[in-house]
Amino acid sequence: MQTTIRKCLFPAAGYGTRFLPATKAIPKEMLPVLTKPLLQYGVEEAIEAGLNTMAIVTGRGKRAIEDHFDISYELEHQIKGTSKESYLQEIRKVITNCTFSYTRQIEMKGLGHAILTGETLIGEEPFAVILADDLCDNEDAGVLAQMVQLYKKYKCSIVAVEEVPYEDTNKYGIVAIEEQLALKYEFREDESDAGETLNPDFSLGDKAFKITDMVEKPSPQDAPSNLAIIGRYILTPDIFDILRETKPGKGGEIQITDALLQQAKQGKVIAYKFQGKRFDCGSVDGFVAATNYFYNKSNA
């Protein structure tokens, strides 16, 4: 199986109903934390991890996403040679270093269905998935860069997890773990496809676990643990065949956790307790917390 992760899939077809009326005409992925939309943070995290092909699953009313990751000749002309030209440096770098492709999810039938919709953009190779709602930050390598290093060792599907209060387990996919995996990251400066290198003292193995069970949004009394899956995945391409056979679950949606459980039963899914901060920007509270955090960080 291919060991290099080149592509990152961004499911971006949801309605963002928790942010209405703001998201009536603006994609929720384009809501800005300070001066940068959520989706751009995710794309930059993927670039840092060494990925250069961004596959975005959109829906109706999402044209702003395609426009953002494109050149605006009128705007460029208007601000050329002015002090405001520097404001476009970050997005120019993103556009220069990536290839973007798009497909539409016609019906909103869950995250599993969104990922399956992206198959035409991914093909038969391992790939990453970033949910822009989950905004992550780390002073060392980003969350996806950490997961890419783990994939190079185990070459199986990986989900990022964090501990949540038990009363919140009904908001997440929850995993049960069996054993801690022993893996020490070896510092190699010549790995050109690794993105940002991790601190040589950082041990991925201290935070990597074999998954034995996964449950989508269980009640606190039924949750097998308080380890919640957040919006960072690395998936092997056989996930598409599994998703095609996955029956709709809660809410009539095709759940990625149900498909991943089939891989987990074969010992092919790892839970990774990532290093860094994560903000749930799909909620107003999390969005405000992220805005305050990045504002304070920019003025530190």
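Can you pull out the residues in region 220-240 that are within 26 Å of G42 (Cβ to Cβ) and assigned to a helix (DSSP H, G or I)?
Result: I239, F240.
Does any residue of region 265-282 turn out to be of a type in the set (D, E, K, R), touching a residue at least 12 places away in the same chain (Cβ under 8 Å), assigned to a helix (DSSP H, G or I) and closer than 16 Å to D213 by Cα? Give the derivation first.
Going residue by residue through region 265-282, those that are of a type in the set (D, E, K, R) are 265, 268, 273, 277-278, 280.
Next cut, touching a residue at least 12 places away in the same chain (Cβ under 8 Å) only: 268, 273, 277-278, 280.
Restricting the remaining residues to those that are assigned to a helix (DSSP H, G or I) gives none.
There is no residue in region 265-282 that is of a type in the set (D, E, K, R), touching a residue at least 12 places away in the same chain (Cβ under 8 Å), assigned to a helix (DSSP H, G or I) and closer than 16 Å to D213 by Cα.
Given (1) of a type in the set (D, E, K, R); (2) modelled with pLDDT of 85 or more; (3) touching a helix residue (DSSP H, G or I) at 6+ places or on another chain (Cβ under 6 Å), identify the lone condition not met by K210.
So K210 meets the others, but not (3).
So, A259, is that one in contact (Cβ under 8 Å) with a residue 24 or more places away in the chain, aliphatic (A, V, I, L, M), part of a helix (DSSP H, G or I) and closer than 19 Å to D137 by Cβ or not?
no
Would you pick out the residues in region 1-12 that are at pLDDT 90 or above, surrounded by fewer than 23 Cβ atoms within 10 Å (Cβ to Cβ) and assigned to a loop (DSSP other than H, G, I, E, B)?
R6
For (1) in contact with a strand residue (DSSP E or B) (Cβ under 8 Å, 6 or more places away or on another chain); (2) among the aliphatic types (A, V, I, L, M), each residue gets a yes or a no:
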position	(1), (2)
T17	no, no
A25	no, yes
L31	yes, yes
S72	no, no
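I'm checking my understanding of the structure. Among residues of region 241-252 that are assigned to a loop (DSSP other than H, G, I, E, B) and either touching a helix residue (DSSP H, G or I) at 6+ places or on another chain (Cβ under 7 Å) or of a type in the set (G, A, S) (or both), which one is farthest from D168 (Cα to Cα)?
Ranking the qualifying residues of region 241-252, first place goes to T246.
Taking the condition of being touching a residue at least 60 places away in the same chain (Cβ under 8 Å) and more than 16 Å from the chain's Cα centre (by Cα), how many residues in region 222-238 meet it?
Let us first name the residues in region 222-238 that are touching a residue at least 60 places away in the same chain (Cβ under 8 Å), namely 226-237.
Of the ones still in play, those that are also more than 16 Å from the chain's Cα centre (by Cα) are 226-227, 237.
Residues that pass the stated criteria total 3.
The values are calculated or read from the model by the stated rules, or taken from the named source; none is laboratory data. Just so it is clear, the model here is predicted, and its values are computed rather than measured. Methodologically, a virtual Cβ is constructed for each residue, glycine included, from the backbone with ideal geometry; neighbour enumeration extends over all protein chains shown.
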